[in-house]
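A.B. asks: This is the structure I want to talk about, given as structure tokens.
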Amino acid sequence: MEGRPHFQLELVEVQEFTLATLDCIRALLERVIEALEHQDVELAQFVIADGATIAERCVEIHHRVIALLALQQPVAGDLRLLAALLHIIRYVERMGNQCVSVASLIPLSGYEPPVRTEILQRVLRMGHCAAAEVVQCRRSFADRNVALAEDLVDRDREVNRLNREIFRLAIELGDDDDTREWAMIMTLVARAFERIGDNAVDVGEQTAFLVTGLFREFSHTPGVAAR
């Protein structure tokens with residue numbers, strides 16, 4: 001059919017652009033972790049600006065996918081890929097928004113905040129774990145690897161465990177108002193990192209959909225679909 005070679009080329013390009021946007025999320029997450037660790041307000045502002053760029057990329061992907069759906073009438077595997085990409089960009093945009101949320105919280109903790117190492121180290125660990133999940137979900141989709149996608153559920157358990165620990169430590173702090181305020185900000189940061197991990201799992205679910213043609217939510221038991 002006339003135009004099909006162009007369609008296939010555009011399909012490859014829009015998928016690669018989506019995967020590259022996931023790479024941007026990983027880089028953005030690494031920068032916001034660095035800003036958090038060093039209380040770098042200037043770097044946090046760069047994260048906020050880059051978050052807007054990611055949102056723009058997601059809008060571009062959305063427009064390109066809709067154009068392919070409307071003009072080319074794809075079927076079977078090509079249709080599944082385009083449907084999966086529409087879902088993935090929604091998760092990618094949410095990840096970018098969460099990074100921006102963390103960056104926006106950094107100035108609120110003030111100059112030389114009353115840092116509690118036991119909390120900060122767990123928050124940073126959460127961020128690195130979430131970044132690893134982003135890398136893994138990208139690889140699972142690029143390689144069409146369902147097992148790697150399902151493994152994200154196990155990886156996400158560590159993020160959830162750290163989130164619970166941070167909350168517990170925050171509520172066990174003493175009566176110093178400044179320290180409590182800083183700890184509450186850290187619980188918000190932890191929540192943002194937790195959501196990034198959840199979105200990485202969501203991307204993994206799209207890998208399974210693309211390969212099998214069936215959508216299922218991953219459960220906390222590997223290989224078993226959630227109800």
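A.B. asks: What list do you get for Thr207, Thr117, Thr187, Thr212 if you sort them by fewest beta carbons within 10 Å?
C.D. replies: Values: Thr207 26, Thr117 7, Thr187 17, Thr212 11.
Result, fewest neighbours first: Thr117, Thr212, Thr187, Thr207.
A.B. asks: Once you mark the GluC sites (Glu not before Pro) that are in a DSSP loop and have at most 12 other Cβ atoms within 10 Å, what is the longest gap between them in the chain? Walk me through the numbers before you get to the answer.
C.D. replies: Values: sites that count: Glu2, Glu172, Glu217.
With GluC sites (Glu not before Pro) excluded where exposed in loops, the chain gives 3-171 as its longest stretch.
A.B. asks: Could you list Ile25, Ile166 in order of exposure, starting from the residue whose Cβ has the fewest other Cβ atoms within 10 Å?
C.D. replies: Values: Ile25 29, Ile166 26.
Starting with the residue having the fewest Cβ neighbours, the order is Ile166, Ile25.
A.B. asks: Once you compute Rg and the Kirkwood Rh from C-alpha atoms, what is the Rg to Rh ratio for region 4-212?
C.D. replies: Details: Rg = 18.8 Å, Rh = 17.9 Å.
Here the Rg-to-Rh quotient is 1.05.
A.B. asks: Got a sec? Charge dipole of region 11-68, +1 on Cβ for Lys and Arg, -1 for Asp and Glu; which of His62, Leu36, Gly51 is way out at the positive end?
C.D. replies: Looking along the dipole axis, the top candidate is His62.
A.B. asks: Return the single residue from Val100, Val12, Val189 with maximal mean-square fluctuation; model: Gaussian network over the chain, springs between Cα atoms under 10 Å.
C.D. replies: Largest GNM mean-square fluctuation: Val12.
A.B. asks: Separate question: Over what distance in Å are the Cα centres of region 96-115 and region 32-51 separated?
C.D. replies: Computed from Cα coordinates, the inter-centre distance equals 8 Å.
A.B. asks: Then there's this: Please give the charge dipole size of the chain, origin at the Cα centre, charges +1 on K and R Cβ atoms and -1 on D and E Cβ atoms. Round to the nearest 20 debye.
C.D. replies: Roughly 800 debye, rounded to the nearest 20.
A.B. asks: Limiting things to C-alpha atoms, what are the Rg and the maximum Cα-Cα separation (Dmax) for region 81-184, in angstroms?
C.D. replies: 17.0, 53
A.B. asks: Through the Karplus equation 6.51 cos²θ - 1.76 cosθ + 1.60, θ set to phi - 60°, convert the phi angles of region 136-153 into ³J(HN,Hα) values in whole Hz; use x for Gly and Pro.
C.D. replies: Working through the residues one at a time gives 5, 5, 4, 5, 4, 6, 4, 8, 6, 9, 5, 4, 5, 5, 5, 5, 4, 4 Hz.
A.B. asks: For region 20-72, what does the alpha-carbon gyration tensor say about shape, rounded, prolate or oblate, given a ≥ b ≥ c as the root eigenvalues, a/c under 1.5 as rounded, and a/b over b/c as prolate?
C.D. replies: Here region 20-72 falls in the prolate category.
We did not get these values from a lab; they are worked out from the coordinates using the rules stated. Because the structure is predicted, anything quoted here is derived from the model rather than measured. Please note: Cβ atoms are built from the backbone with ideal geometry, for glycine as well, and neighbour counts cover all protein chains shown.
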